[in-house]
1. Among the residues of segment 124-138, which ones are acidic (Asp, Glu) and at negative phi?
2. Residues of segment 343-377 being under 18 Å from GLN320 (Cβ atoms) and outside any helix (DSSP H, G or I), which ones?
3. Scan (1) in the same structural domain as PHE207 (by TED's automatic domain parsing); (2) closer than 20 Å to THR184 by Cα for the single condition LYS324 breaks and write down its number.
4. Hey, could you check segment 45-69 for residues that are surrounded by 22 or more Cβ atoms within 10 Å (Cβ to Cβ) and of a type in the set (Lys, Arg) and say which is nearest to LYS2 (Cα to Cα)?
5. Quick check: anything in segment 168-188 touching a residue at least 12 places away in the same chain (Cβ under 8 Å), over 21 Å from LEU314 (Cβ atoms) and in contact with a helix residue (DSSP H, G or I) (Cβ under 6 Å, 6 or more places away or on another chain)?
6. Of all residues being buried (at least 18 other Cβ atoms within 10 Å of the Cβ) and in contact with a Pro (Cβ under 9 Å, 6 or more places away or on another chain) in segment 302-324, which is nearest to ARG362 (Cα to Cα)? Just the residue, please.
7. Under 7 Å between Cβ atoms, which residue pairs at least 6 apart in sequence (or on different chains) link something in segment 292-318 that is over 15 Å from VAL200 (Cα atoms) with a partner that is part of a helix (DSSP H, G or I) and among the basic types (Lys, Arg)?
8. Scan segment 48-56 and tell me whether some residue there is closer than 26 Å to ALA128 by Cβ, at pLDDT 95 or above and in a helix (DSSP H, G or I).
Amino acid sequence: MKVTVHDSIAAIARADWNALAGNAFPFLDHAFLELAETTGSVAPNAGWVPRHLTLEKDGKLRAALPLYEKSHSWGEFVFDWAWAHAYEEAGLAYYPKLVSAVPFTPAPSTRILLADKHDTEAAQALIAAATQLAVDTDCSSVHFLFPAEQEISLFEDSGLLLRKDCQFHWHNRGYGSFDDFLATFTSAKRKKARRDRRRVHENGIRFRRLRGAELDADTWSTVYALIARTFMMRGSLPYFNQAFFEGLSEQLPENILVILAEQEDKPVAAAVFFESPTTLYGRYWGSDGHFDALHFETCYYQGIEYCIETGKQLFEPGTQGEHKISRGFSPVTTWSAHWLAHPEFANAVGRYLDEEGRHIERYIDAVDQHTPYKDEE
C-alpha cells in the first residue's frame, strides 16, 4: 500500500475524492474543502497547512483522510487549550499538531474515507500513517475531531485516546406538521414555543428561504454583512469569507440554504444552513439588532419546520447551547480521538479523559430529564 501526503485538496482528483466521500456529508465534498483553501480561510498564513493523505493499492485509491497541520487550536470546537498550556509549562512544544477535521465545522461525519466501508486494513493503515507523519514532522500529536460513531472502534483498536462530548440534535419522529411536533410537548413548553413564534410575527418579521442557486453576490453581501456584524460583536471575524459562500452557491447549490428574516422588506437577520439528503446543519447566524425570540425562530423553529416539510430525519444546529433543549433538541454523544507522542502526557491526558467522560455521561443523563416532550414521548 502506498501512502501519499498532499499539500492541497486540489492535488487529489475531485472525482476520486468524491467517490470515497459519497454524498452523505456536504462538508466532505471536494468542492467544500477546495473552496476553503482557495479562498484563503484554510491556508498556512491562517495556521492551517493541508496534509491530506491518500492510500493506494495496485494503482487504485482505497482510502483518504482530510488532514491539516495546525499552529493553534482555533476553529476546532474540541478544546485542548489546557493541554497546550501544560506542554508549555513543561518546556515542550504542543504546536504544530495534526488535525483530521472539516475546518470550522463541528459536525460528526466520516473521517476515514474508504472505497470499501469494511476495509479496516486500509483504515488502520491511514491512522498509522497519520501518527507516523506526526513523528516525521515533529508534531506533538494527531487529533481526529467529530468522527462518525462507527469509526470509534477503529481508533480504539489503534490505541488512540477517546474523548466524549455532547451536542443537541433534533430527530424527526414522523411529524406531519410543526403543530404535530409541538403536540408532543408538555402544555407549558408548547405555550412557550408558541409565544416565542408569536412575538416574532407581531414584530412584523417574515421569512424567505433561499437555496444556493438563488443566492447571487448581492444577496450574499447582505447575508454576510449580518453574519460579520454578529461575529464582530463577539470580538472575532467569520471563519469563512464571502468568496467562500459565493463559491458554494456555484459549486454546491443543492447543499446550501439561507433563511432570511425581513421586516418591512428589509433584511434584519439571516441563518446559513447546509443540507444533505437526510440532514440539516445549522451553521451561521447574524442580525442587525435585537429582536425578541428572533434567534430561536430563525435558527431553530424555521429549521425544524423545513425538516418536517422536506422529510429530513435529523437537524444538527451546531455546538453548545442548553437553550436548545426547550426547543426540542436532545443531547447526543459526540467523539474525538487523540494520539500524543509524549508518553507521560499521553498517560495524563488519558486519565483526564476517563474522568471527563464520566462527567459528560452524567451531564447527558441530567439534561435529558429537561426535554420538553411528554413522558410518553
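The values are calculated or read from the model by the stated rules, or taken from the named source; none is laboratory data. For clarity, every value in this text was computed on a predicted model and none was experimentally measured. Cβ atoms come from the backbone with ideal geometry, glycine included; neighbour counts cover every protein chain shown.
1. So in segment 124-138, the residues acidic (Asp, Glu) come out as 136, 138.
Answer for segment 124-138, where residues must be acidic (Asp, Glu) and at negative phi: just ASP136.
2. THR371
3. The one condition LYS324 does not meet is (1).
4. Looking at the filtered set, the residue picked out is ARG62.
5. No; the residues of segment 168-188 include none that is touching a residue at least 12 places away in the same chain (Cβ under 8 Å), over 21 Å from LEU314 (Cβ atoms) and in contact with a helix residue (DSSP H, G or I) (Cβ under 6 Å, 6 or more places away or on another chain).
6. LYS324
7. Correct list of pairs: PRO317/LYS324.
8. Just the residues of segment 48-56 that are closer than 26 Å to ALA128 by Cβ, to begin with: 48-56.
Restricting the remaining residues to those that are at pLDDT 95 or above gives 48-56.
Those left that are additionally in a helix (DSSP H, G or I): none.
Taking every residue of segment 48-56 in turn, none turns out to be closer than 26 Å to ALA128 by Cβ, at pLDDT 95 or above and in a helix (DSSP H, G or I).
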